[in-house]
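Provided herewith is a single structure, encoded as structure tokens, for subsequent inquiry.
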Amino acid sequence: MRSLLTPGKLVLRLAAGLAVLAAVCAACAMVGSEHVCLSEALKGPGQAGGVNPDYEILVHIRLPRVALAAVVGAALACSGVVFQALLRNPLADPYILGISSGAGLGAMLAVIAGFNWTFLGRSPVGGFAFAGAMGTVWLVWWLGRLAGRGQMTGLLLAGVVVNAFLSAIILFLTSVARSEIVYSTIFWLMGNMTEGDFRVIWVAAGFVLAGIGVLYLLAGGLNALSFGEDDARSVGIEPARTRLVAFMAASAVTAVAVSLSGLIGFVGLVVPHSVRLVLGSDHRQLLPLSAVAGAAFLVGADTIARVVVAPAQLPVGVITAIVGGPLFLVLLVRSCRGAGGLR
């Protein structure tokens, strides 16, 4: 039996997790197909119009990519924690409710339409992906309430149906689009970390941190809901309101993540279960520590993706799928045998 969580323990564990995350980010920023000398990079951008290649690679290419992976990993991991709690399903992750297909459809429509303008150095694909994801969230929530009177089972079934329908539309558009459009879109759909503008990353990080903050404020409510609605009401928690706010906040955080990086699966499945296995299911620590672990996990996965076949690069979604696929099968077998509940 795990010991009772105290504020001191939470702060200590979070500090340790952040220290590990900082070490992982620093190490991964130094790894790549091109060698970077840290001492040379620290000398700055160069003197008298010259270019310092070590500085340029580290500051303008690797650090933004590491920061982007950390933001996306934290968002997907926290969303996985919340969806598993709301659906009471250990196999749930941010994409089970059709968010991935909605984002993918939005991105594909932007590419097929030929939108080539940029804003802050970003193409409109990310914006259309965000709009598609949030539109899907609204549709799934509305269908879930219509079919299941707000119950999570109805929401889950609505998500599965919407996901299948939107996936079929994506396949249709893929089959009729030009070959170069198909290639670029499919690469994005597999998850791809690009060297982003720090301004965009900072804005995205602000949205993600705000969403995680809202979810953390709901941690006590999520703990209460795990014991049932009657027990939650007995301690002053309104189940319907808590579920609505948690669902919308987690979906918004996921939409921000997929608009930046494409569709990266299994982070919301692998990380929450790993943290839960080690530290327990108290959402007061499960949420922040999953965010830290998710950031470290995706930074490491993206580093592997960009060096394993260097100078070419793999989509990071391939690496997360290789890691998460076997775990998903294990959880599926346990669930079918009646031993896969949340603990």
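The values are calculated or read from the model by the stated rules, or taken from the named source; none is laboratory data. Please read these numbers as outputs of a predicted model, since none were measured by experiment. All Cβ positions, glycine included, derive from the backbone under ideal geometry; neighbour counts span all protein chains shown.
Looking at the range 162-180, which of its residues are surrounded by 15 or more Cβ atoms within 10 Å (Cβ to Cβ) and not in a helix (DSSP H, G or I)?
ALA177, the sole residue that qualifies.
Within the range 284-295, does at least one residue satisfy the condition of being charged (D, E, K, R), farther than 30 Å from THR185 by Cβ, touching a Gly at 6+ places or on another chain (Cβ under 9 Å) and surrounded by fewer than 24 Cβ atoms within 10 Å (Cβ to Cβ)?
yes
Next question, about the same structure. Is it the case, given these coordinates, that VAL235 is surrounded by fewer than 16 Cβ atoms within 10 Å (Cβ to Cβ), of a type in the set (A, V, I, L, M) and more than 16 Å from TRP138 (Cα to Cα)?
yes
Pairs, please: C-beta under 6 Å, at least 6 apart or cross-chain, first residue on the phi < 0 side of the Ramachandran plot and in the range 305-325, second among the hydroxyl-bearing types (Ser, Thr, Tyr)?
What qualifies is ALA310/SER33; PRO311/SER33.
List the number of the failed condition for GLY17; all other conditions in (1) in contact (Cβ under 8 Å) with a residue 40 or more places away in the chain; (2) under 21 Å from VAL270 (Cα atoms); (3) out of contact with any helix residue (DSSP H, G or I) (no Cβ under 6 Å at 6 or more places or on another chain) hold.
Single failed check for GLY17: (3).
Got a number for residues in the range 238-255 being more than 16 Å from GLY144 (Cβ to Cβ) and at pLDDT 85 or above?
So the count comes out to 5.
Please specify each residue of the range 6-37 satisfying the condition of being over 30 Å from VAL307 (Cβ atoms) and either among the basic types (Lys, Arg) or more than 26 Å from the chain's Cα centre (by Cα) (or both).
Answer for the range 6-37, where residues must be over 30 Å from VAL307 (Cβ atoms) and either among the basic types (Lys, Arg) or more than 26 Å from the chain's Cα centre (by Cα) (or both): THR6, PRO7, GLY8, LYS9, ARG13.
Residues to consider are VAL256, VAL245, VAL200, VAL208; find the one that is surrounded by fewer than 17 Cβ atoms within 10 Å (Cβ to Cβ), among the β-branched types (Val, Ile, Thr) and touching a residue at least 24 places away in the same chain (Cβ under 8 Å).
Answer to the check: VAL245.
Follow-up question, since we're still on this one. Within the bounds of the range 76-96, is there any residue that is over 15 Å from the mean Cα position of the chain (by Cα), under 30 Å from LEU171 (Cα atoms), among the polar types (S, T, N, Q) and part of a loop (DSSP other than H, G, I, E, B)?
Yes, the conditions are met somewhere in the range 76-96.
Go through the range 152-161 and give me each residue that's exposed (fewer than 15 other Cβ atoms within 10 Å of the Cβ) and either under 14 Å from GLY135 (Cβ atoms) or free of Cβ contacts under 8 Å to residues at least 12 places away in the same chain (or both).
The one that is exposed (fewer than 15 other Cβ atoms within 10 Å of the Cβ) and either under 14 Å from GLY135 (Cβ atoms) or free of Cβ contacts under 8 Å to residues at least 12 places away in the same chain (or both): THR153.
Conditions (1) modelled with pLDDT under 90; (2) surrounded by 14 or more Cβ atoms within 10 Å (Cβ to Cβ), marked per residue:
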{"residue": "LEU298", "(1), (2)": "no, yes"}
{"residue": "ASP302", "(1), (2)": "no, yes"}
{"residue": "VAL308", "(1), (2)": "yes, no"}
{"residue": "ALA312", "(1), (2)": "yes, no"}
{"residue": "VAL318", "(1), (2)": "yes, yes"}
{"residue": "ILE322", "(1), (2)": "yes, no"}
{"residue": "VAL333", "(1), (2)": "yes, no"}
